[in-house]
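**Student:** Dumping the structure here so I can ask a few things about it.
The values are calculated or read from the model by the stated rules, or taken from the named source; none is laboratory data. Every value quoted in this text rests on a predicted model; they were computed, and no experiment measured them. Neighbour counts run over all protein chains shown; Cβ positions are idealised from the backbone, glycine included. Remember, those area values only see protein heavy atoms, side chains included, never the ligands or the DNA or RNA. Shrake-Rupley method; radii C 1.70, N 1.55, O 1.52, S 1.80 Å.
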Amino acid sequence: MKTDKLRRKYLSFFKERGHKLFSSDSLVPDDPSVLFTSAGMNQFKPYFLGKTKDTDLAVSCQRCLRTGDIERVGKTPYHHTFFEMLGNFSFGGYFKKEAIKLAWEFLTKVLRIDKKNLWVSVYKEDKEAFTIWQKEIGVSTDKILKLGQDENFWPANVIDQGPNGPCGPCAEIFFDRGKDKGCKKESCNPACDCSRFVEIWNLVFTQFNRQSDGSLTPLPQKNIDTGMGLERMASVLQNKDSNFEIDILAPAADKLKEILGLKNKQEVKAEKDLVNSIVDHARAVIFSIADGIYPSNEERGYVIRKLLRKALWTANLLGYKQPFVYKLIPLFAKLMQEPYPFVEKKAKVIKKVIKAEEEKFLSTLDEGKTKLNQYLDELKKEKKDTLLASKLFFLYDTYGFPFELSKTAAGKENIDVDQKGAEELLAKQKERSRAGSKFSAEIFEKDYCLSADGKPTEFSGYKNCEISAKIIKIFPLEKMKIDWENRKKSLKKGQKGIVILDKTPFYTESGGQLSDRGVIETDKGKFLVEDAYRIGSNSIAVHQGKVIEGVVEEKKARAAIDTKRRKALARAHTATHILQAALREVLGEHVSQQGSLVGQDRLRFDFTHFKGLTLQQKERIESLVNYQILKADEVNKKEMSLAAAKKEGALAFFKEKYKDQVRMVSISNYSKELCGGCHLDNSSEVAGFAIVSSSSVSSGVRRIEAVVGDKFYQLFKKKKNYLREIAKLLKCNPDKIQPTLKKTLDSYKDCNSKLTKIEKEKIADISKKIIEDFLGKKSGKDLLVYDFTKKDSLSLGYSNFFSLLDQIKKKLSSFFVFLIGKQNGKIRFLCSCSQDLVKQGLSCKDFIFGIKDKLPLKGGGTDKLVQGVINKKEKDLTKKVKDYFMRFLKNESS
């Protein structure tokens, strides 16, 4: 049975039995506690918690990514980083009996797997599950294993070790591949680590809530969470020894062998394992980028970068040192076309990202390998067995070597690495980069219920810039730290602190937009709000600042934002939306937001793109944005369901998490985005837009910085003044700058050409005089030495020494020259000799090295040419150089 058919059959089976069919969620989960979607149940968390109740039965085939077993990928038949998980779920609907019966029916009736080849395991204390398998299903007791909480409880070992919260026993179903597989022992069963038994389905019965004392109390709502690995089940149905031999992976392995030059070679297990690991990592990277996760040095991006570099490193071990992962994209798009057509649609973008990342890594790989081998050689000589954290971190920081790659290479030499220490150094580096943050991050780690009623602070600032509110809590702020345990009744003039209101007009910093500022005023005092943000799961708005008048107490107050600042923020935010639409029009639909900063009449926008922007592209983008501004379109803001917004084509920032009800901001049909920020009512209010810089943030991510509104006008005014000043210098009208400047430059070029000719003639005359003087005194091998810094010397700067040397070469077939001159206030020297003297054993490098301790000079170069600096000008320097040269000749001849 083909994998696509297996997937279809599973989903149809459960859909026909009342389960709501859910599409696979993105690899980016709607859950900040995890980096990736690692299981089918991730998208159903609200259902398990009882927050969403539109169905009590669900089924899905979820694409997942896990890196916990990354070192086992390729080495075992069944481990992956990227895989698909078939799952059926019940949220307070059916429980053990129905879940077990449905699983058995699907395996034996739909897939027609022989019952005699199926074994099961249950938690040793779960008598209910054991009885169902034995009496309801008819599995013989010798094929039902009773295992401990380490194997058959979720989470593993939760009873003894925690954590507290929902948990429950598991039942696992195994396929017996036959007595001729694995260890071949008579006693072999699913508990054995050999490859005879394949775990194909895990049924989790979430029925308990673990308490702090380790006791288990029944949950009010019992849930079912099952997971069947699609690739594993396909390998069973296709009678393959490994997942990598099934129809959606074997072609990729064959293609990879062809690329790596292994196609017609006799297969070696070690090479096969490496090929399989590359296939897995390549698929993981391709699907992650398709889901909007781009390689970087942060969080998800770092994991994807690590997987890609591990694939490249592995290929390097197999002797292949060129980019290649991007070549697998069309094949994976074809193999996974039925469930995931979006991969093919995004293939061009994925290719650009991967190829750029591959080229970047390979360019530094050889340098990094050389440095790593140097470290390892040093350790072996010193008879040490651990690579220090500092050196491991240096390889990462300088050459982009993931710690895991260094660890693999060192392991081949039986050398350990201090990865933990290196990770601590990395954490410190990241912490230093955050040094400019507002205050200690500990406030974000605490989840205090700071409001009066436990609900999020109501925001009324979309329509009201000033409201009547009540101060419900006050906390002091000292040395940028908030003392949450020390609630105050009041703050006096000059004191800094935190004020919490029952409702607020202040926009709290989020989505890239900076917060509002303003005042909170009572009848006895005034509090200047310098920042506003939200904390805790209850999303409480806190207002940070200081008392500037009187005393501020917990009582009724007037809260008013700085409307001028709000307007400037809104101009920048609306312009950011128009900019993203313009970028997508000019560069392509692969452009997606990666980050932003919305300030007062200024903005920064990070987006996916793979090349620097040309001048023509930047001008086109600017023109499009300003055209949309001049169109004076209404900026429409409306609340709707997330599904409805997506149906209308609204763009969403994948790093943001959206609720079921969202706010869509649209500007005509040109721009539609999900956004909770502050915007204008009409695009014309932006006033004007200008790009001030375009740069690279990381591989595949570009950044544009721009100004709008008042800052746009200030920039225009500044440039206008520049033109006036230039016109003044050129003595022409501003509209005549270009022809006047061209005429001036042409004149300059003509003068420069004449000056160059004069200089050449001067150098020729000087070289003639120097050479004539030298030839008149020369006897055998001699040194031509001339000091242009002496008062009575010929006039020539150091910058012309190479031209002088060319003249000397033309007139002397054999020479050894030492010239002294000035450049930028320093006394410099140039030492050169002809090729025939080098062949005779003379060397400028050896000569300078021999006299550097005797004369105050230092320099570097080759046998034929050395240049450098004379630190201190000595009397009779030329005579001393000549004397040392004669001694040098005697030493060379001896």
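**Student:** Please give, to one decimal in nm, the separation of the simple spin-label points placed at residue 714 and residue 775, each 7 Å out from Cα toward the Cβ.
**Tutor:** The answer from the label model is 6.9 nm.
**Student:** With a Förster radius of 22 Å, plug the Cβ-Cβ distance of residue 493 and residue 539 into 1/(1 + (r/R0)^6) and report the FRET value to the nearest 0.05. The partial results should precede the final answer.
**Tutor:** On the way: r = 31 Å, r/R0 = 1.40.
FRET efficiency, residue 493 to residue 539: 0.10.
**Student:** Now a separate question. Estimate the FRET efficiency between residue 611 and residue 215 by the formula 1/(1 + (r/R0)^6), using the beta-carbon distance for r and 41 Å for R0, to the nearest 0.05.
**Tutor:** Plugging the Cβ-Cβ distance into 1/(1 + (r/R0)^6) gives 0.10.
**Student:** At a temperature of 4 °C and a viscosity of 1.567 mPa s, determine how fast segment 475-612 diffuses translationally according to Stokes-Einstein, using the Kirkwood radius over alpha-carbon pairs as Rh; express D in µm²/s, rounded to the nearest whole number. Could you put the intermediate results ahead of the total?
**Tutor:** On the way: Rh = 16.8 Å.
The diffusion coefficient I find is 77 µm²/s.
**Student:** Still on this model: Considering only protein heavy atoms, what per residue accessible area in square angstrom results for segment 705-811 with a 1.4 angstrom probe? Write down the numbers at each step before the final one.
**Tutor:** Details: 7840 Å² over 107 residues.
Solvent-accessible surface per residue comes out at 73 Å².
**Student:** At a threshold of 8 angstrom on Cα-Cα distance, excluding pairs fewer than six apart, so keeping six or more, what relative contact order does the chain reach in percent?
**Tutor:** Numbers: 1557 pairs, mean separation 51.4, N = 894.
This gives 6 percent for the chain.
**Student:** Next up: For the residue pair residue 639 and residue 97, what label-to-label distance in nm results when each label sits 7 Å from Cα along the Cα-to-beta-carbon direction?
**Tutor:** 4.5 nm
**Student:** Still on this model: Run the helix sum for the chain: -39,500 (n - 2.57) per DSSP H stretch of 4+ residues, divided by residue count, reported at 222 nm to the nearest 500 deg cm²/dmol.
**Tutor:** Values: 25 runs with 332 residues, N = 894.
Calculated from helices alone, the mean residue ellipticity at 222 nm is -12000 deg cm²/dmol.
**Student:** Only residues of segment 287-315 count here: report those whose backbone N is under 15 Å from the spot 7 Å along Cα→Cβ of residue 364, or say none.
**Tutor:** Hits in segment 287-315 for residue 364 at 15 Å: 295-298, 302-303, 305-310, 313.
**Student:** Using 7 Å Cα-to-Cβ label points, what is the residue 455/residue 142 separation (nm, one decimal)?
**Tutor:** For residue 455 paired with residue 142, the spin-label model returns 6.5 nm.
**Student:** Farthest toward the dipole's positive end in segment 449-552, which of 547, 486, 513, given Cβ charges of +1 (Lys, Arg) and -1 (Asp, Glu) about the Cα centre?
**Tutor:** 486
**Student:** With every protein chain in place, what's the accessible area of residue 611 (1.4 Å probe, Å², nearest 10)?
**Tutor:** It works out to around 140 Å².
**Student:** Pull out the extension gain between residue 414 and residue 631, defined as 0.36 nm times the separation in residues minus the alpha carbon to alpha carbon distance; nm, one decimal.
**Tutor:** On the way: separation 217, 0.36 × 217 = 78.12 nm, distance 6.85 nm.
Roughly 71.3 nm would be gained on extension.
**Student:** Which whole-number percent gives the relative contact order of segment 452-499, counting Cα pairs below 8 Å spaced six or more residues apart? Each step should come with its number before you reach the end.
**Tutor:** Numbers: 44 pairs, mean separation 16.4, N = 48.
Relative contact order here is 34 percent.
**Student:** In whole percent, and with a 1.4 Å probe on the protein chains, what portion of the accessible area of segment 500-610 is carbon and sulfur?
**Tutor:** That fraction is 41 percent.
**Student:** Which FRET efficiency, nearest 0.05, do residue 746 and residue 692 yield, Cβ-Cβ r, R0 22 Å? Before the final figure, lay out each step's value.
**Tutor:** Values: r = 32 Å, r/R0 = 1.45.
Rounded to the nearest 0.05, the efficiency is 0.10.
**Student:** Averaged across orientations, what area in nm² does the convex hull of the alpha carbons in segment 518-594 project?
**Tutor:** Numbers: hull surface 30.2 nm².
Across all orientations, segment 518-594 yields a mean hull projection of 7.6 nm².
**Student:** Just the number please: accessible area per residue for segment 63-211, 1.4 Å probe, all protein chains included, in Å². Present the calculation step by step, with values, prior to reporting the outcome.
**Tutor:** Working: 6660 Å² over 149 residues.
Per-residue value: 45 Å².
**Student:** Angle between the Cα long axis of helix 269-290 and the longest principal axis of the chain, 0 to 90 degrees, nearest 10?
**Tutor:** On a 0 to 90 degree scale, this one is about 90.
**Student:** Quick one: go through segment 855-894 and flag any residue whose amide nitrogen is under 13 Å from the point 7 Å out along the Cα-to-Cβ line of residue 826.
**Tutor:** 857-860, 867-872
**Student:** Quote to one decimal, in nm, the extra length available between residue 374 and residue 854 on full extension: 0.36 nm per residue of separation minus the C-alpha distance between them.
**Tutor:** That pair, residue 374 and residue 854, stretches by 169.3 nm at full extension.
**Student:** Additional query: Please list, short to long, the whole-number percent of alpha-carbon pairs of segment 1-83 in consecutive 5 angstrom bins beginning at zero.
**Tutor:** 3, 13, 18, 20, 20, 14, 8, 3, 0
**Student:** Which pairs break 29 Å Cα to Cα here: 2/179; 327/659; 20/647; 769/880; 360/420? All intermediate terms of the calculation are to be shown ahead of the outcome.
**Tutor:** Values: 2/179 26 Å; 327/659 38 Å; 20/647 20 Å; 769/880 22 Å; 360/420 26 Å.
As for pairs spanning more than 29 Å Cα to Cα, those are 327/659.
**Student:** If you don't mind, there's one more thing I want to ask. Find the relative contact order for segment 571-718 and round it to a whole percent, using C-alpha pairs within less than 8 Å whose residues are 6+ positions apart.
**Tutor:** Numbers: 282 pairs, mean separation 46.7, N = 148.
With pairs under 8 Å counted, the relative contact order is 32 percent.
**Student:** A further question follows. Please work out how much length the chain gains when fully extended from residue 117 to residue 192, using 0.36 nm per residue of separation minus the C-alpha to C-alpha distance, in nm with one decimal. Please list the in-between numbers first.
**Tutor:** Details: separation 75, 0.36 × 75 = 27.00 nm, distance 1.59 nm.
Extra length available between residue 117 and residue 192 comes to 25.4 nm.
**Student:** Taking the Cα centre as origin and putting +1 on Lys and Arg beta-carbons and -1 on Asp and Glu beta-carbons, what dipole magnitude results for the chain, to the nearest 20 debye?
**Tutor:** Values: 162 positive and 119 negative charges, 722 e Å.
For the chain, the charge dipole is close to 3460 debye.
**Student:** With the cut-off at 1.5 for a/c, could you classify segment 219-324 from its C-alpha gyration tensor as rounded, prolate or oblate? Walk me through the intermediate numbers first.
**Tutor:** Values: a/c = 2.77, a/b = 1.29, b/c = 2.15.
Oblate shape, in that a/c is at least 1.5 and b/c is the bigger or equal ratio.
**Student:** So how much accessible area does residue 724 have, in Å² to the nearest 10, using a 1.4 Å probe?
**Tutor:** 120 Å²
**Student:** Share of segment 93-175's accessible area from carbon and sulfur, percent, 1.4 Å? Write down the numbers at each step before the final one.
**Tutor:** Numbers: 1770 of 3940 Å².
Carbon with sulfur: 45 percent of the solvent-accessible area.
**Student:** Would you be so kind as to identify which of 393, 320, 349 lies farthest towards the positive end of the dipole of segment 287-418, taking Lys and Arg as +1 and Asp and Glu as -1 on Cβ and the Cα centre as origin?
**Tutor:** 349
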